[in-house]
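The values are calculated or read from the model by the stated rules, or taken from the named source; none is laboratory data. These numbers were taken from a predicted model, which means no experiment stands behind them. Note that we place each Cβ from the backbone using ideal geometry, even for glycine, and neighbour counts take in every protein chain shown.
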Amino acid sequence: MNNLVDINCPLCGDDNHILWATENGFNCVCCGQCGLLYVNPLPNATYIEESVKLGGHVFEDGKQLNTKTRRMHSKQRYFERVVKQLFPDLLNRTSVAWLDVGAGYGEFVQALLSVLPTSSIVEGLEPMTHKVEKAREFNLPVRLGFLSGVTASYDVVSIIDVFSHIPDFPGFLSSIKSVLNSDGEILVKTGNAAEIGKRSNFPGALNLPDHLMFGGVTQLTRFFEDAGFTVIGMEVERIDGMWYSFKNLAKYLLGKPVSISLPYTSPTRTIWMRARLNTLPLDRRDEKA
Ligand SMILES: [Zn+2]
């Protein structure tokens, strides 16, 4: 295990923290000031970028962490429901320009194409080649690349299960702002590990150091407000239904690093948060469409 180093919290800048978890030889600490969880010490930028492109990590002891998830066709319906619920006003516009960053196999892009007005521009950006190729097989507009290469501007940028992979989230938010229209919006989906108390309350592997940071509603709101966004919509959902608990039990029996729990007892949640750059009231946004 690496020793903890003096490091300033990426959210509040405080250097006071306590060890919260250790996994794959990496530490995750909890900021004593704002409660953000983050990896300490942080791997260097080249290591992070290479791992993101590869979809995996090889550790010093030869062990590997594979982060190449499968394409989940079943996600589409779920994503469609969330977009309809969180963006009822956008569905009535003539068109919406939407960029999904970290689009993976394109499941979210596919959901957007099915619920947004037909003349909308929907694009996905993804750093892993094999995911882009798979998305293309489904004729989805997902291209290889990072946010730094984007020149167009959008009404909404979404980051679905991306937050925990970003070492410098304030810097990432300013890159997002540079591709948003003046009253542009961001949609984030992530977990709430910073709000669950002790590590053992998290029912699965943390996947350190693929995941570098964990927040909660409080921490996400603060990141957004510090960057000039206002949170205008949110959904917080539990994840520990019957099927989830059953899968965790199976993983536990296979010796995976998960903790088993009864269904509907875990404090772990999925957070969806919609935030807007300027603060035009919702009822006046339609005038601009
Ligand atoms: Zn902090």
*Of all residues in segment 155-194, which are surrounded by fewer than 22 Cβ atoms within 10 Å (Cβ to Cβ), in contact with a Ser or Thr (Cβ under 7 Å, 6 or more places away or on another chain) and part of a helix (DSSP H, G or I)?*
S164, S175
_Considering only residues that are of a type in the set (D, E, K, R) and under 21 Å from the mean Cα position of the chain (by Cα), which ones fall in segment 1-60?_
E23, E49, E50, K53
_Test set (1) part of a helix (DSSP H, G or I); (2) charged (D, E, K, R); (3) more than 18 Å from F163 (Cα to Cα) - D61 fails condition number_ = (1)
*In segment 99-120, is there at least one residue being closer than 17 Å to E185 by Cα, among the β-branched types (V, I, T) and not in a loop (DSSP other than H, G, I, E, B)?*
yes
*Hey, can you tell me all the residues within segment 136-154 that are within 21 Å of V83 (Cα to Cα) and in contact with an Asp or Glu (Cβ under 7 Å, 6 or more places away or on another chain)?*
P141, V142
*Could you check E49 against (1) outside any loop (DSSP other than H, G, I, E, B); (2) out of contact with any His (no Cβ under 9 Å at 6 or more places or on another chain); (3) under 20 Å from L187 (Cα atoms); (4) not aromatic (F, W, Y) and say which number it fails?*
(3)
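A quick yes/no check of all residues on (1) under 21 Å from V83 (Cα atoms); (2) among the aromatic types (F, W, Y); (3) modelled with pLDDT of 95 or more:
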position: D168; (1), (2), (3): no, no, no
position: S175; (1), (2), (3): no, no, yes
position: V179; (1), (2), (3): yes, no, yes
position: G191; (1), (2), (3): yes, no, yes
position: P203; (1), (2), (3): no, no, no
position: L206; (1), (2), (3): no, no, no
_Tell me yes or no: at least one residue of segment 6-19 is of a type in the set (S, T, N, Q) and within 16 Å of the ligand (Cβ to nearest atom)._
yes
*Looking at N27, is it buried (at least 18 other Cβ atoms within 10 Å of the Cβ), more than 14 Å from the ligand (Cβ to nearest atom) and not aromatic (F, W, Y)?*
yes
*Could you run through segment 116-154 and say how many residues are among the small types (G, A, S), surrounded by fewer than 18 Cβ atoms within 10 Å (Cβ to Cβ) and out of contact with any Ser or Thr (no Cβ under 6 Å at 6 or more places or on another chain)?*
5
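Out of the residues in segment 221-274 that are part of a loop (DSSP other than H, G, I, E, B) and among the polar types (S, T, N, Q), state the one that is modelled with the highest pLDDT.
Restricting attention to segment 221-274, the residues satisfying the condition of being part of a loop (DSSP other than H, G, I, E, B) are 227-229, 239-241, 254-268.
Within this subset, residues satisfying the condition of being among the polar types (S, T, N, Q) are 259, 261, 265-266, 268.
Numbers: S259: 71, S261: 74, T265: 82, S266: 84, T268: 90.
Out of the qualifying residues, it is T268.
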